[in-house]
Every structure is written in C-alpha cells, then in structure tokens.
Amino acid sequence: MSGVRRVDVLVVGAGPGGLAAAARLAAAGAGRVEVLEREQQAGGVPRHCAHGGFGTWTHPLTGPSYARLLAEGAARAGAVVRTGVTALDWAGPLALTTVSPRGPEKIEAAAIVLATGARERPRAARLVPGTRPAGVCTTGELQQAVHLYGQRIGSRAVVVGAEDVSYAATATVRASGARVVAMVTDLPRAQAAPARALDARLRHGVPLLTGTTVTELLGHGRLSGVRVRHRDGRSAVLPCDTVVFTGDFVPDHELARRGGLVCDPGTRGPAVDGALRTSRAGVFAVGSVLHPVGSAATAAREGARAAGAVRQWLAGGDWPGAVPLVVSEPLRWIAPHRVTPADRHGRYVLRSTEPLTRRVLRVTQDGRTLDRVRVRSSLPSALVPYRTTLTLTARWTHRVDAKGGPVRITVD
Amino acid sequence: MTVTAQGPLPERPYDVAIVGAGVVGCAIARALARHPGLRVALVEAQDDVGQGTSKANTAILHTGFDAVPGSLEARLVREGARMLAAYATESGIPVEPVGALLVAWDADQLARLPRLAEKAERNAYRDTRIVGPDELYTREPHLGPGALGALHVPGESIVCPWTTTLAYATQAVRHGVDLHLGCRVTRASRQDGEHLLHTDRGTLRARFLVNAAGLHADTLDRLLGRQDFTVTPRRGQLIVFDKLARPLVRHILLPVPTALGKGVLVAPTVYGNVLLGPTAEDLDDKRATGSTAEGLSALREQGRRILPELLDEEVTAVYAGLRAATGHEDYRIAAHRENSYVTVGGIRSTGLTASLAIAAHVVELLADAGLDPGPARDLEPVRMPNLGEAFPRPHQRADLIAADPEYGTLVCHCERVSRGEIRDALASTIPPRGLDGLRRRTRARAGRCQGFYCGAAVRALFEEATR
Ligand SMILES: Cc1cc2nc3c(=O)[nH]c(=O)nc-3n(C[C@H](O)[C@H](O)[C@H](O)COP(=O)(O)OP(=O)(O)OC[C@H]3O[C@@H](n4cnc5c(N)ncnc54)[C@H](O)[C@@H]3O)c2cc1C
Ligand SMILES: Cc1cc2nc3c(=O)[nH]c(=O)nc-3n(C[C@H](O)[C@H](O)[C@H](O)COP(=O)(O)OP(=O)(O)OC[C@H]3O[C@@H](n4cnc5c(N)ncnc54)[C@H](O)[C@@H]3O)c2cc1C
C-alpha cells in the first residue's frame, strides 16, 4: 500500500442514505465526494426489492428503479460512486483502508459518512434450534436469488415474521413459483398495514399463525419442515423445504465498532446526535445502520440532512459534545441517540415493545422535566401494531443542559 | 488423480481400502500414499471429505496434558500434536498457539490445579504453571468475576479442522490414492483372501481393510464379524460468536475437568470468532447433529459466567458434533491379522490432534498384519488456501491482487472471501460438491450475515462452475 489518497468527503455505502448524502454534498460543491460500495452495483437494499413501495406518493417506483435513480442522481451531481470497493478498517481517525480489484488503498477525508445499512438476523443469530439443512434464508438472500439471479428456491416455504418485509418475502416466494405454506409470528397480530395482511390471507390464501414460535428446523440435507409452538402450548410440524427468516434487523456496524465509535445499546449502531454526528469528530452516520429499519425514504432524508451538517463541519464548524438519550421499558430504543442543545430540527424515532397510544412520554434531564408528549399514532388506534414505532419532535432540545447528565425518555 | 462421486468403481483390487474420509481416514490415506507401490482407495459415504465429526469439533490442537497417562491416546495425542503443528506450517493450515487457562472458580477447583499439573508431567508435558488471580485477570481482563486462579497450559493451540482434513486428502489424492465419495459400505465379505466391500456404487475389492468409519466403526466391525465395542454418540453443541467478540478473549478458557467430562470452554477460532461449548449429551441416534433449545440456553448460562460480555455479541453460527464414545477411556485401535484388517475406533475427542500419529501407528499395524508397503518416498508438500486471520488473507495481499484482480473482488463481505478464492476452490484437486463444502474451503457464507448479502452470488458462482 503506497501512500494515502485524500478526498473531501468519503461516504461508505451506496444505499439510499449514502447516495442521498453524496448527491447533496456534491451538488453543494463540497469538493471531491467519493462513495465506496462493496457490491458491483450501487443502490443498496432497494436493488433487489423488485416490488413497489419506493419513491414518493407522486412518483412511485420499484426498488431497482429507485436505486438507479439515486445512483444516477449522485453521479450527475458530481459525486464519484465507486463500486466493488470495500472499506475494510480504519487507518486513522479520518482514514480508511480499502480493497478493490485495483488493490489495497488508504483514503483520508475531511469527513466520513457511514451508511453501511442493516441486515436481517439469520437463523443462527436467532438461536433457532435443529439441524442445519439447505433451504434456510433471509429475505435479502431470497430476493437476490429470485430477482437478481433467477435461481430456483424450493416449492413450499414458511415465512417467519409478519412485518412489511415479511410480506415482501411472501411476494418473492410466489414470484419464484413456490407456495407459501404459512406466515408465522410470535406476536398477537401482523405488523404490516392491515390491507397488506388481509390481501395475503384472503387473495393468496396464506395462513398467518400468530402467537407462534419456530422451535426447531427439521431435515438432513434439505429442510423437511419446521416445528412450531403456539403460545397455548400446542405444537405442530409444518412440512416445507424452504424457510425465510424476515425482519429482526441488526445494523451493519462493523466499521463503527472497529473504529471505536460509541454505539447505542438499544439499536446497536453508532450513536449520533440530531445532526447525525457520531462520537468522533468528522464522522457521521445515516440510514439503517442507525435504527433498523425504516423506509428507504427515511434513509435518504437522513442522508440529505447529514449533508448539511457535513458542510458545516467542512466550513470549520465545531463538534459539540452530546448528551446521551436513554430510554427505559417498554421503550426499546430511540434514534438519534444523543442530543445537543442546538439540535433544533428533525424528530426522534422510538421503538416500543407495546402499544402506547394515548400514553404520555416524559423527557427529563437530572430530574428536570424538559417535555411531556401524549402519543398520537399515525395509524388509527385500533390498528396500531404491537411493536410500535413512534416519533417525538425535537421541540425540547434547547432546554438540554450540555454539561448535564443523560436525557431520559420514560412512559408515564 | 482420481476423485469419483458417481458411477461404477474400479474392478481391479486395491492393496488397501480405508473406509471413512474423516480426519483420521484421510491422514491414514496420506500416510499410505508415501508408498508408491501400494494401490489405495479411500471410500466415503458422503459427498465430501470431513463431513462427519471432523467438521464439527472445537478445533483445538491439544498438548495431551490431561490425557489418561500411559494410554495409547495419550501417546498419540502427544506425538500427533507435534506432527500436526509442523505439518500445518508446511501446508499453510492456520494454527495459533494461544495457550489455555484452566480457570478455577471455587476453592475446590483451585485445590485440584496442582494435581492437574502433576498429571500433565506424567503425560510428559512440563510447561504448565499455576497463576494467581492477578495474573489471570491481566491475561484475561474480560473474564467474569470470581475466578481464583488458573493452570496455564501454553502449548494448547487452535487450528482449522477443515483445512487439515482437506490437506491430508488433497496430498493423498495427488500421490495416487483413489478417493471414492458417495460410496457407503453396506455389506462386507471375504473371498479368496480379498475383502469385498459392497457399496451403493458396486463392489470394491481390497487385500487389506482399514475401518476409519468414526461413529459407524462399530457397525462396520460387525459387518466383518467382530463385536469388540459399541459407539455411543456423545453430542457437543457449540455457539460461534461474531468476530467483533474476538478481542474479548486471548486464551482457550477451560473449566477444571470433572468426572462428567471436560466441560464448557470459551476459545478463539483461527477464523477470528469465539466459540462457546461444547455440551456433552449421551444419545443413541448417530444422526442427531441438531442443536436444542436446552443445550443452547445451558451454554449461554455457562458462557455468561466465564465471559459476561460475550453474551452481548451477535451469534454467527450454531452447530453440533458427535464424539465417538465407547465406554472405554482410550482409543480402540486394533489389528486383526487373520482378517487383514485394522479397526480405528473410538477416536473420541482428540482425533483431530492425534490424526497424523494415528496414521503412522496404523501403517505399522498394517505391516504387522502382513502388508508389505514397499519402498517409501517423501511427499510433495501441499499449500492450502489460508482461512486464518493470523496470516495474510488474499484480499490483504497487494502482490496477489496485482497479479490477479479476482483476489481483490470480494463476494462474501462478512468473511472477505474473494471471487479468486472461490474460483480456486471450485477448480481444486477435491472440489466441493455443494455450498457447504465450498464454505468449508473458503468461508464463503460462513459469516455473520449467513448469506443475506452474498448467498445468491456465491450460489451463482458455484452453479456456474459445476454446470
Ligand atoms: C428485504 C427488504 C425489503 C424492503 N422493502 C422496502 C420497501 O418496500 N420500501 C421501503 O421504503 N423500504 C424498504 N426496505 C428498507 C430499505 O431498503 C432501507 O431502509 C434502505 O435500504 C436503507 O438504506 P441505507 O442506505 O441505510 O442502507 P442499505 O440500503 O442497506 O445500503 C448500505 C450499503 O452499504 C454497503 N456497504 C456496507 N458496508 C460497506 C463497506 N464496509 N464498504 C463498502 N460498502 C459497504 C452495502 O453493500 C450496501 O449497498 C426494505 C428492506 C429490506 C431488507
Ligand atoms: C464436540 C466435539 C469437540 C471436539 N473437539 C476436538 C478438539 O478440540 N480437538 C481434537 O483433536 N478433537 C476434537 N474432537 C474429536 C475429533 O473431532 C474426532 O476425534 C475426529 O474428527 C474423528 O475423526 P474420524 O475420522 O475418526 O471420524 P469422522 O470424521 O466421523 O469420519 C468418519 C467418516 O466415515 C464415514 N463413514 C461411516 N460409515 C461409513 C460407511 N459404512 N461407508 C463409508 N463411509 C462411512 C463417515 O461418513 C465419516 O465421514 C471433538 C469432537 C467433538 C464431537
């Protein structure tokens, strides 16, 4: 490895988050903006989401078209999007080692944006017992197999999960010519828009088993079935040759961890403040790596928001110390995860393990109440999913004492 | 070079047939390959070498410090460890001499450490040392609270079991051994002083027979009319933690052994992960290589005590292996001169370490049983692709990538496996016949995403090459 190459902004990951940040920065004249993408094509996860649900209300797109649009947009704005390049590790506070077919390289930047995304937890990470047969995958693998490579999967699949991504998996199974035997969720109801859940059940005849856990995978060589147990204690074997583990996202936080960035215990990704600044001066993070997993549009919005903060930093801005945000049960996590009194715009995303409609969120610091908010849901209350995602506007942040203790969010 | 996986078997009789291409059978095949005058067949039921217990163990190159003094196992482990360490260097098999700490968690265990040190001496291992809690926590800062001391065994190492088995088999095949895969021996008989092995793919003839059938060594023994022992599978479940956990542990952390077995350990792997396991469950189903909810939760319980922070890390994989227990505290290796037959049974929980010494021992037994091996030669060394993190991987080598950019094109991102390595594996002497075999040769799909990112791409490369 000879020498270090310098750029102005280095973005790791060419998904919606990274591409949106790069496009904004390049358009605003931030100098050389380079995006590193380890896959052969830019676009991130939407590349293989052959379904709709991307773009805007007025301009709906399929995942692949959306991916192309973002990649072209970044390139047109003047960003250099390099595919087939992996950021391996850090070579200094603001430098990364990379590898590509052209060999290893060290790249240093004035600012680095981590947009490395998230993956679904595979079977092993969920500690699902049983044998290790073929025919076990995640939605990400399934979509690529079917939509990018035209590979055959099995003929009868069980889909584990009942969130939006699970219904996307169901559609992909059907597109491949296979049948969905059942969808299985340990929750009391589906986590997707009711119309979607109803459509799968009624139009496509996919039974949804709620309150049900997969307790064992069966079969030698090829999967022969999954054993499931209902909350009431009954258990059964669903014969199938394919099982798709969907959702249960975990951020791809390897670079953040290797760099020693402070990570949030709830989301497991790098902790950022309202301007998407991590614990290290000059390093920002956006997209699914922060909070698995919002829509692609959310990731892109964060990318655009980070672009503003990056420009401030490049213009000689400071790196204010941030106070951690701490949640407690039934809240699982909040993002952004840190706050500075200057975090004036934007909103916080919270994940709860139970419905919170009409309950009150209290924001406190060192015993001082900064705000109280009654939870409204964007969905009609009867339809609020079990694992609720809610938002909190940042109207209280100017009351935060930058030198004080953590800011706590509790549910009254 | 002959590797077959289907079709009829050669009719001409072999001098020696080895049944079972686990680490032991492959080592024996390699040892016999030194004798160019011998025609040797290695016969394996599954579609790859090392698909039995040899693929699912704790991957430790033992010193034999805690073996039963005076046993055959003690000797073969001691010799085998030395031989394998040298062979690994020659062949590019990753080995890391990390050393082990037998951690005492109560006064009773602490009191037993001197006796373990003495036992090690009786096994001719003299480098153990008892360390106090201060040194212990300096060596292992993330160890859970309450440890009172430890026995340090600096010679214990970690090794790649897959590369080891594959290296033996590759070297054997390159030196003329015929490897027949997908060839289960279902019946055996003798005719005119020859063994007739009846398999799924027809009959194979051999003058001498070596039984290295692992868990099924007793079954094969019975096919030959012997009832010397019964193999009871003892299952060991293991959890593989994410590479980000690797900095948490420096040594192999062993418990003080009890009458019930060696207990649950925490150990780094040469791939840069951390292992927690194994359980010890006596079963009677030789196919019960699944994991169980009880097993996994018991492991997590014990792991939490040993290395609390480990439990916060993501799990990359879970697997289980079956030890070939025979109710006898030693190997069951025996020559039956009248039958021109050698049984290599009961290779319990040390077979990987002892493999090369077992092989040398078996060659001697075959000679005792009447085999004239003829002249010997030195084998051409093999150079295996490196899967270990302690040595440069292809994507880290500027020279390799400059010569061939395929080594800089990563396909499996979690394990950083390049297209060049996958291509090489698919074109190797013993190519994989499935994605699991490809994984063991390259680590493709073996990482934390288990295929979320790369599964379809790896499958496409495999299918393209094997079409
Ligand atoms: C199966 C599935 C279906 C979905 N369906 C929808 C939908 O219908 N509508 C919707 O709005 N959202 C959907 N989403 C969510 C949406 O895809 C994500 O919100 C969005 O992709 C997040 O964008 P991102 O940029 O943060 O990360 P990603 O899209 O994950 O992109 C991250 C990129 O970083 C690259 N990368 C990571 N590490 C490195 C490294 N070290 N070096 C170089 N490159 C690296 C990766 O290769 C990847 O291309 C779906 C997600 C999944 C998994
Ligand atoms: C949990 C666990 C942890 C362990 N840890 C270690 C360790 O850290 N260090 C160490 O040195 N050892 C360890 N071991 C032990 C080691 O793995 C074994 O001793 C070794 O793998 C045995 O190899 P083998 O070749 O005898 O058996 P196997 O690998 O089981 O090979 C036998 C082969 O014979 C084939 N076969 C069987 N019947 C037939 C037939 N009829 N026809 C054709 N083929 C047949 C099988 O398919 C199989 O491939 C461990 C074992 C376990 C289970």
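Of note:
- If the segment from A:A304 to A:R102 were pulled out straight at 0.36 nm per residue, it would be longer than the present Cα-Cα gap by 69.7 nm.
- Projected area averaged over orientations for segment A:248-373, convex hull of C-alpha atoms, nm²: 8.3
- The Kirkwood radius of segment A:20-155, taken over pairs of alpha-carbon atoms, gives through the Stokes-Einstein law at 20 °C and 1.002 mPa s a diffusion coefficient of 124 µm² s⁻¹.
- Shape of segment A:52-111, Cα gyration tensor, a/c cut at 1.5: prolate
- Among the chymotrypsin sites (Phe, Trp or Tyr not before Pro) in segment A:1-107, those placed in a DSSP loop whose Cβ has at most 11 other Cβ atoms within 10 Å are A:W57.
- Taking all pairs of distinct alpha-carbon atoms in segment A:122-247, Kirkwood radius in angstrom: 14.3
- If you wrap the tightest convex hull around every Cα atom of chain A and split its volume per residue, you get 152 Å³.
- Counting only DSSP beta bridges whose two residues both lie in the protein assembly as shown, roughly 65 percent are antiparallel.
- Segment B:315-386 and segment A:109-155 have Cα centres lying 39 Å from one another.
- Counting Cβ atoms of other protein chains within 10 Å of each residue's Cβ and taking the mean over peptide A:56-62 gives 0.
- Where Rh is the Kirkwood radius over Cα pairs, Rg/Rh for segment B:1-83: 1.05
- Counting lysine pairs in chain B that sit 8 or more residues apart in sequence, or on different chains, and whose Cα atoms lie under 29 Å apart gives 6.
- B:A334/B:R304 FRET efficiency (R0 30 Å; Cβ-Cβ; nearest 0.05): 0.10
- Shape call, segment B:132-190: gyration tensor on alpha carbons, a/c limit 1.5: prolate
- Compactness of segment B:380-467 was expressed as the Cα radius of gyration divided by 2.2 N^0.38 Å, which yields 1.03.
- When you count the other C-beta atoms within 10 angstrom of each residue and take the mean per peptide, A:265-276, A:304-315 line up highest first as A:265-276, A:304-315.
- Average 1/r across all pairs of distinct alpha carbons in chain B, invert it, and you get the Kirkwood radius: 22.9 Å.
- Across segment B:65-70, computed HN-Hα scalar couplings (Karplus, 6.51 cos²θ - 1.76 cosθ + 1.60, θ = phi - 60°) run 4, 10, 6, 6, x, x Hz from first to last residue, x flagging Gly and Pro.
- Each peptide among A:15-21, A:92-98, A:152-158, B:364-370 gets the average number of other Cβ atoms lying within 10 Å of its residues, and from highest to lowest they stand as A:15-21, A:152-158, A:92-98, B:364-370.
- In plain terms, if you count all Cα to Cα distances in segment B:318-467 and split them into 5 Å steps from zero, the share in each step is 2, 8, 13, 14, 13, 12, 11, 11, 9, 6, 2, 0 percent.
- Volume of the convex hull of segment A:137-193 (Cα atoms only), normalised per residue: 71 Å³.
- Length-normalised contact order of chain A in % [C-alpha pairs under 8 Å, at least 6 apart]: 15
- Estimated inter-spin distance, A:T410 and B:D134, nm [label 7 Å along Cα→Cβ]: 4.4
- Cβ-derived FRET efficiency at R0 25 Å, A:R152 paired with A:T83, nearest 0.05: 0.35
- Helix content alone sets the calculated 222 nm mean residue ellipticity of chain A: runs of n ≥ 4 DSSP H residues at -39500 (n - 2.57) each, divided across all residues, give -5500 deg cm²/dmol.
- Simple label model, 7 Å out from Cα along Cβ direction - A:A342 to A:A193, nm: 3.9
- Kirkwood radius and radius of gyration were both taken over the C-alpha atoms of the protein assembly as shown, and their ratio Rg/Rh is 1.00.
- Antiparallel DSSP beta bridges within segment A:122-247, as percent of all bridges there, nearest 5: 40
- Other protein chain Cβ atoms within 10 Å, averaged over every residue that makes up B:388-396: 1
- Residues of segment A:240-268 with amide N under 13 Å of the 7 Å Cα→Cβ point at A:T389: A:247-250
- Average Cα contact separation per residue, segment A:1-152, under 8 Å, 6 or more apart, as relative contact order %: 28
- Test item: A:117-127 mean partner chain Cβ contacts at 10 Å: 6
- Shape of segment B:290-368, Cα gyration tensor, a/c cut at 1.5: prolate
Bear in mind these aren't lab numbers, they're just calculated from the coordinates by the rules spelled out. In this text, all values refer to a predicted model and were calculated from it rather than measured experimentally. Heads up, the Cβs are rebuilt from the backbone with ideal geometry, glycines too, and the neighbour counts pull from every protein chain shown.
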